[in-house]
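This report refers to the structure that appears directly beneath it.
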Amino acid sequence: MITYALMFAFGCFGLGLLANLWRIIRGPGRADRILALDTMVINSIALIILYGIWQGTAVYYEASMLVAMVGFVSTVAYCRFVLRGDIIE
């Protein structure tokens, strides 16, 4: 039963990634694109964790934490670049 639930979750988060990709391509503004990128990071973290559950190893949880940290830093850096024109003052 857990296999079916994992496959359903993989499909839902994969569909969410495709919707985010559509918003990045067709977003009307920069803020929409930034939010779509941040949501893509969250969806990719969920997919990594689901894959770790499916494989039964804890290595993927650590990888998801690394992706979360890099995603946060990249979102903040991109927002600063959009607002100020530079990242480092």
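Modelled spin-label separation between A31 and L15, with each label point placed 7 Å from Cα along the Cα-to-Cβ direction: 2.9 nm. Scaling against 2.2 N^0.38 Å puts the C-alpha radius of gyration of the range 2-84 at 1.22.
Across the range 18-24, coupling constants 3J(HN,Hα) worked out from phi with the 6.51/-1.76/1.60 Karplus curve, θ = phi - 60°, read 5, 5, 5, 4, 4, 5, 5 Hz, and Gly and Pro carry x. Dividing the summed -39500 (n - 2.57) terms of all DSSP H runs of n ≥ 4 by the residue count of the chain sets its mean residue ellipticity at 222 nm at -31000 deg cm²/dmol. Using only side-chain charges placed at the Cβ, +1 for Lys and Arg and -1 for Asp and Glu, the dipole size of the chain relative to its Cα centre rounds to 280 debye. Here the contact order of the range 2-84, divided by its residue count and restricted to Cα pairs under 8 Å and six or more residues apart, works out to 28 percent. Put simply, the amide H of G27, placed in the peptide plane, has no neighbours under 5 Å, leaving out anything fewer than 5 places away on its chain. Across the range 50-65, coupling constants 3J(HN,Hα) worked out from phi with the 6.51/-1.76/1.60 Karplus curve, θ = phi - 60°, read 4, 5, x, 5, 5, 7, x, 10, 8, 5, 6, 5, 5, 5, 5, 5 Hz, and Gly and Pro carry x.
None of the figures in this text is laboratory data; all of them are computed from the coordinates on show. The structure presented is a predicted model; accordingly, all values stated were derived computationally and were not measured. Quick reminder, even Gly has a Cβ in these numbers, built from the backbone with ideal geometry, and neighbours come from all protein chains shown.
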